[in-house]
Amino acid sequence: MGYGAEGFSIYDLQLWAQGLGLTIWIFLISSILGLLIGCLIGLIRSYRVPVIGKLLMVISEFLKNSPVLVQLFLVYFGIPAIFTIDMTPGLAAIITLTGNTAAFIAVIVISSIDSIDKRQLEAARSFALSETIILRWIIFPQSLSVAMPMLVGLAINQLQVTSLISVIGVIDLTRVGDIINQRTFEPFIVWPLIGLTYFILAKTIAYVGTRLEKRFSAYRLTNEL
Amino acid sequence: MIDIKNLHKNFGDLEVLKGVNLKINPGEVVSILGGSGSGKSTMIRCINGLESITSGTISVDGFNVENKQDLLEVRKKCSTVFQQFDLYPHLSVLDNITLAPINVLGNSKQIAEEKGLELLKSVGLEDKTLSYPAQLSGGQKQRVGICRALAMNPDYLLLDEVTSSLDPEMTAEVLEILKNLAKQGITMISVTHEIEFAREISDRIVFLDEGKILSDLPKDQFFAVDGGRADPRIAKFLSKMSEFNEKA
Ligand SMILES: Nc1ncnc2c1ncn2[C@@H]1O[C@H](COP(=O)(O)OP(=O)(O)O)[C@@H](O)[C@H]1O
Ligand SMILES: [Mg+2]
């Protein structure tokens, strides 16, 4: 223990729990919103809606190919400069991560819909099934099965990306690590523990994802004759 | 009645159908013969609205395929069986069959499933109800394809080379089922390369050549020496096909 440093206290555990809660909360909310918006963008593009489809893809390309930290600064410092809104670090974090997630989801949606055999869709149309029914009962389940591994990968990646929001002052898990470390000067205890927490979260996502994946792809895994 | 009048279909600069006129009456079994690329599939796809029409008209019992509202009625009346089966891979055999009856005809799940089971029994697949398409042989898949089509209670059955992806043994099992259907009086338009099958089931044979109907004759007349076979193009096609079928 370094000079002038204080030891760990029970209060640190509480701080850790709060940081963990915030990280999970921001991760969940931006993932769910990103999923919804990304699906919408993907569908608009897949159904070749003119102009809007293209425009959304340009935005999505920008979000995918620029650093999340830059996007975060743009939202946190940029939006209040143009609009009179009260931009909190938490709101900036959610907006940025939602947009970024949506961009990746859109690409996943488009590629998984593309991977579906188009002839079965023609068959479905020839039986007078409506486009909505086809989307719900034919396109959606099959794209989901194809998309699942990509979605799980994305979720794990986006979880790690949430740590960037500590830079603008959100007291997430990473920021909590920073606070405790500054007080205790125990980097080799604090950071491995924080890292382990992220690791366990990621493994949980992977576990749930694999279970879901198996369920959605049962039809592709069976091959007995 | 299916009434095709002066049907033209272009893909870009390529004119695939060049003024086809064809009437099919209820109860008739009509086989469409013709070389590869003559436009047979395109014609079938125009009837069920999977291809747009360049000019001319198609009506089914008075419903015009080019009218969006009418097309739904046309599609309810005409069921198609596809060359590559085109089943929904993520659905069980039974769900493949009941999807459209439930969502288009408004059948209850129970009624649709009872009917589906009955159909599966009639083609000897009652033990495959819960299998996925990937677990079936080609012949079994096509039998499901036929059940899926029949489950809609169609007035017209459109068949586009439904045995072309099957080996001879499976071809025989599928043709047997279709022969029975033909006997039961369902209206069928069948694109096929199986000359013997066409000869057995058809009332009429239509021969398509480069997007035009070269002959449209009652079966016996078509196969007579002084009938369809008098045309050198048809004679050549028939001898090529019988050679091919003997080899297979
Ligand atoms: N979607 C398409 N785009 C362009 N050309 C097509 C398309 N579908 C069919 N064709 C062409 O139209 C012609 C007739 O095709 P098709 O109706 O499939 O013939 P058949 O079923 O008699 O073998 C062929 O030359 C084929 O290449
Ligand atoms: Mg064809």
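Laboratory data are not the source of any read-out in this text; all were calculated from the coordinates shown. None of these values were measured; they are calculated from a predicted model. Ideal geometry is used to build each Cβ from the backbone, glycine not excepted, and the neighbour counts take in all protein chains shown.
Computed values, structure above
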{"item": "Per-residue HN-Hα couplings for the range B:39-50 [Karplus 6.51, -1.76, 1.60; θ = phi - 60°; Hz; x = Gly/Pro]", "result": "x, 5, 4, 4, 4, 4, 5, 6, 5, 8, x, 7"}
{"item": "Amide H within-cut-off set for residue B:80, under 5 Å, with H built and near neighbours excluded", "result": "B:158"}
{"item": "P(r) of chain A over all Cα-Cα pairs, binned every 10 Å from zero, in whole percent", "result": "7, 26, 29, 20, 11, 5, 1, 0"}
{"item": "Mean-position separation - Cα centroids, the range B:163-235 and the range A:163-192, in angstrom", "result": "78"}
{"item": "Amide proton proximity set for residue B:34, modelled H, under 5 Å, gap of 5+", "result": "B:208"}
{"item": "For the range B:119-133, 3J(HN,Hα) per residue [Karplus equation, 6.51 cos²θ - 1.76 cosθ + 1.60, θ = phi - 60°, Hz, x = Gly/Pro]", "result": "4, 4, 4, 5, 10, x, 10, 4, 8, 10, 3, 9, 6, 8, x"}
{"item": "Where GluC sites (Glu not before Pro) in DSSP loops with at most 16 other Cβ within 10 Å are excluded, longest remaining stretch of chain A", "result": "A:7-223"}
{"item": "In the range A:25-84, the chymotrypsin sites (Phe, Trp or Tyr not before Pro) that fall in loop regions by DSSP, at most 14 other Cβ within 10 Å", "result": "A:47, A:83"}
{"item": "Point-to-point label distance, residue A:207-residue A:118, nm (Cα→Cβ direction, 7 Å offset)", "result": "4.3"}
{"item": "Cα convex hull of the range B:25-85, projected area averaged across orientations, nm²", "result": "5.0"}
{"item": "Amide H contacts under 5 Å for residue B:16, placed H, 5+ residues apart", "result": "B:9, B:10, B:11"}
{"item": "Estimated [θ] at 222 nm from DSSP helical runs (n ≥ 4, -39500 (n - 2.57)) normalised by residues in chain A, nearest 500", "result": "-24500 deg cm²/dmol"}
{"item": "Space enclosed by the convex hull of the alpha-carbon atoms of the range A:1-84, per residue, Å³", "result": "182"}
{"item": "Cβ-Cβ FRET estimate between residue A:17 and residue B:110, R0 fixed at 56 Å, reported to 0.05", "result": "0.65"}
{"item": "Share of alpha-carbon pairs per 10 Å distance bin for the protein assembly as shown, given as whole %", "result": "4, 16, 21, 18, 13, 11, 8, 5, 3, 1, 0, 0"}
{"item": "Under Karplus coefficients 6.51, -1.76 and 1.60, residue-wise ³J(HN,Hα) of the range B:111-116 in Hz, glycine/proline x", "result": "4, 4, 6, 4, 5, x"}
{"item": "Approximate spin-label separation residue B:5-residue A:186, in nm, with each point projected 7 Å along Cα-to-Cβ", "result": "9.0"}
{"item": "Range of Cα positions in the range A:28-157 per principal axis (Å), largest first", "result": "54, 31, 22"}
{"item": "Shielding by partners, peptide B:91-104 (average Cβ within 10 angstrom, other chains)", "result": "3"}
{"item": "Links that overshoot a 21 Å alpha carbon limit, given the list B:5/B:68; B:23/B:76; A:64/A:203; B:77/B:183; B:121/B:179; B:40/B:236", "result": "A:64/A:203"}
{"item": "Stokes-Einstein D (µm²/s) once Rh is taken as the Kirkwood radius of the range A:116-213 over alpha-carbon pairs, at 20 °C in 1.002 mPa s", "result": "128"}
{"item": "Calculated [θ] (222 nm, deg cm²/dmol) that DSSP helices of n ≥ 4 give over chain B, each run adding -39,500 (n - 2.57)", "result": "-12000 deg cm²/dmol"}
{"item": "Debye-sum result for chain B in log10 I(q)/I(0), which assumes one identical scatterer on each alpha carbon, at q = 0.15 Å⁻¹", "result": "-1.08"}
{"item": "Rel. contact order, % - alpha carbon contacts under 8 angstrom, at least six apart, the range B:50-154", "result": "33"}
